[in-house]
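The values are calculated or read from the model by the stated rules, or taken from the named source; none is laboratory data. What you are looking at is a predicted structure, and each value in this text was computed from that prediction instead of being measured. Cβ sites come from the backbone with ideal geometry, for glycine too, and all protein chains shown count toward neighbours. Surface accessibility is based on the protein's heavy atoms, side chains included, excluding ligands, DNA and RNA. Shrake-Rupley method; radii C 1.70, N 1.55, O 1.52, S 1.80 Å.
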Amino acid sequence: LTNLGNPTYVTAPCPLAALATARGGPAGGAMDGPGSETHAEQDDGDCRSLALKGKWKQIIERVGPTIASGKSSETSEVLAEATLYFVALFKMRNFRKISDEIESFSNLADAEGFSKRGVTEEPRVPFALLWILAEYHVHLGDVATGFDRLYYLLERARLLRDHYGALVSAAPSPSGDAQPVSDVEVSSPDVTHASLHSAWDRRFQMLRAIVVCHHFSKQQYSVALKLLSRLIEEKENDIEAHTLMVHVLLQLGDVKSAVRIAERVKALCASAGTDEATARRANVEGLVLFATGNFTDSIAKFEEASNTPSENLAADPVPINNSAVANMYSRNLHASVKLLENNLTQNHLFTLHKPIVLNLCSMYELASTKSNESKEVLQTWILNHAADDFDCSNMRL
């Protein structure tokens, strides 16, 4: 939801997990990103390790012949690699090739019954594969088919979440907390009900956010806001859900409603009392101040959010990007450029955050008539550090 509607590139963190491209990631949260130390010990030749490093082209080259041979679903390991292959094609925006290959892959559409409703059995293929099977249609212009499959998958995720939730309530697991469940593998029989409940709740939230984004991009605002309202109703004490609503309302220009929800966020964060909650509260306050034209005070809030010590937010680019934009609107362009340059140098993962690169290029254009020279230097540096799917068109060279 970063670039929803008319982009201002002042952003709020999206709490919903991205598509997991490797085993692991916090249960109910986002996966570890490329370069994560959690997976540093994996062999460089492993497809999951390549995915974590953003080496999507290598995955396509390695797994492509297996897909072409028609032996893609003989083993669970090959099926997982095939899933990463289609994820790689999606990351490289090669939707036409996905269309040419995925519909015939293991007869997915028939096997998973996109025409059936009310299914509470575990899918026979990885969740990531089902999502791509639905999602790519939207990117090729077949919005009707894409929405139909996304809504089917959303409903199936809800049913499975509720199904495992009921099982957990009836017989709590003695093993304790839920463990992460991969999205690129079929769940093994020994996975606990608590883990599956957490996984399907995360997937449901992710799918709902994706559907909302698509409705906004089609200017179907009433449908999108209705879905978000249900999210708030279901998670009335959830900080992330309310933060998301604040961001969306600000992007739509409804500052009055955003301020009202922001007050709820502040109250929830105060009750939580954690460093992460403090950072989220400060960022939301900064967003509201920025939207009302109080750029100087918004900088202080964004700096508070970015300086709050928290392991979960150690590499969060959102408040840093917001602080740079607020400095720019306060006519301190030099500070904005230095802030983004320094953070890109210190944390290469920031190159994955589109608004940071786009904003820095915009600042170069405002700061000098020779902006192309600065952008070319930035592009060279990024291509040496970024994932294969980095879109150089963001730099407007």
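Would you say ALA300 is touching a residue at least 60 places away in the same chain (Cβ under 8 Å) and either open to solvent by 50 Å² or more (accessible area, probe 1.4 Å) or under 20 Å from MET363 (Cα atoms) (or both)? Answer is no for this residue. As a summary of the residue check, VAL284 satisfies the conditions (1) surrounded by fewer than 21 Cβ atoms within 10 Å (Cβ to Cβ); (2) in contact (Cβ under 8 Å) with a residue 24 or more places away in the chain; (3) among the hydrophobic types (A, V, I, L, M, F, W, C) except for the one numbered (1).
Just to confirm my filter: which helices (runs of 4 or more DSSP H) fall fully inside region 57-156 and include at least 3 residues that are open to solvent by less than 20 Å² (accessible area, probe 1.4 Å), modelled with pLDDT of 90 or more and touching a helix residue (DSSP H, G or I) at 6+ places or on another chain (Cβ under 6 Å)? Can you show your working first?
Working: elements: 76-91, 95-102, 108-111, 127-139.
Fully inside region 57-156 and qualifying: 76-91, 127-139.
Among residues of region 251-272 being out of contact with any helix residue (DSSP H, G or I) (no Cβ under 6 Å at 6 or more places or on another chain) and in a helix (DSSP H, G or I), the one that is most open to solvent (accessible area, probe 1.4 Å) is LYS256. Within region 235-250, being part of a helix (DSSP H, G or I) and open to solvent by 50 Å² or more (accessible area, probe 1.4 Å) holds for one residue alone: GLU240. Of the listed requirements (1) closer than 29 Å to ARG93 by Cα; (2) crowded, with 22+ Cβ neighbours inside 10 Å, LEU397 misses just one: (2).
Condition first: at pLDDT below 75 and not small (Gly, Ala, Ser). Now tell me which residues in region 40-56 satisfy that.
Correct list: GLU41, GLN42, ASP43, ASP44.
Contact annotation: residue pairs with Cβ atoms under 7 Å, 6 or more positions apart or on different chains, pairing a residue in region 234-248 that is of a type in the set (D, E, K, R) with a partner that is outside any helix (DSSP H, G or I) and surrounded by fewer than 23 Cβ atoms within 10 Å (Cβ to Cβ), are GLU240/PRO15.
In this entry, ILE232 passes the filter for residues that are assigned to a helix (DSSP H, G or I) and in contact with a His (Cβ under 8 Å, 6 or more places away or on another chain). Number of residues in region 157-202 that are in a helix (DSSP H, G or I), of a type in the set (D, E, K, R) and either in contact with a helix residue (DSSP H, G or I) (Cβ under 8 Å, 6 or more places away or on another chain) or at pLDDT below 90 (or both): the value is 3.
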